[in-house]
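The values are calculated or read from the model by the stated rules, or taken from the named source; none is laboratory data. Quick caveat: nothing in here was measured; it's all calculated off a predicted structure. A quick note on method: Cβ atoms are made from the backbone with ideal geometry, for glycine too, and the neighbour counts reach across all protein chains shown. These area figures cover heavy atoms from the full protein model, side chains too; ligands, DNA and RNA do not enter into them. Shrake-Rupley method; radii C 1.70, N 1.55, O 1.52, S 1.80 Å.
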Amino acid sequence: MAELKTLTGGCHCGLVRFECTTDLAMVTACNCSICTKRGLHFTFIAPERFVLRAGEDNLKEYLFNKHAIHHQSCADCGVEVFARGTKPDGTAVIALNVSCIDGIELAKLKMTPIDGRSR
Ligand SMILES: [Zn+2]
């Protein structure tokens, strides 16, 4: 099993910064409209393992479809950093855009295909 690591990251311009603890065991490669158009690869993190260090006031929210997922982007550079959602059992979850993790290399991650398009 992958080990838990504390990682930092943020948006492109650096106004939005976070720290999180994750093993990156599951990273989505989803074919839904927003993941495709924004190039999003999410990993899901419990809210207590995600801390926004800077840029709370600089976040711009985007909602679509059922408004179930609250997409959070930097108002300046436009990069989506994370989204707030709830799991089917009702618990809150953070969907972190793994591309925002400092030094990440997407090609080295194991991706899990998700068929979001047909849901
Ligand atoms: Zn930014």
Cleavage-rule hits (GluC sites (Glu not before Pro)) in the range 1-85: DSSP loop, at most 11 neighbouring Cβ within 10 angstrom: GLU3
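Over all pairs of distinct alpha carbons, what does the Kirkwood formula give as the hydrodynamic radius of the range 32-119, in Å? Mind dumping the intermediate values first?
Working: mean 1/r = 0.0716 Å⁻¹.
14.0 Å is the Kirkwood radius here.
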Coil-residue chymotrypsin sites (Phe, Trp or Tyr not before Pro) of the range 1-71, DSSP, other Cβ within 10 Å capped at 13: PHE64
Percent carbon-and-sulfur accessible area, the chain, ignoring ligands, DNA and RNA, probe 1.4 Å: 52
Amide H contacts of ALA29 (H built 1.01 Å from N, under 5 Å, at least 5 apart or other chain): THR112, ILE114
At 1.306 mPa s and 10 °C, Stokes D of the range 1-80 from Kirkwood alpha-carbon radius, µm² per second: 115
Only Lys, Arg (+1) and Asp, Glu (-1) charged, at Cβ; the range 1-115 dipole about Cα centre in debye: 220
Rounded accessible area of LEU52 (nearest 10 Å², 1.4 Å probe): 40
Top positive-direction residue, dipole computed over the range 5-110 with Cβ charges, set GLY90, GLN72, ASN31: ASN31
For SER118, solvent-accessible area (1.4 Å; no DNA, RNA or ligand), Å²: 90
Mean accessible surface per residue for the range 5-110, computed with a 1.4 Å probe while every protein chain stays in place, in Å²: 56
Sequence of ASP23, ASP57, ASP115 from largest to smallest accessible area, 1.4 Å probe: ASP57, ASP115, ASP23
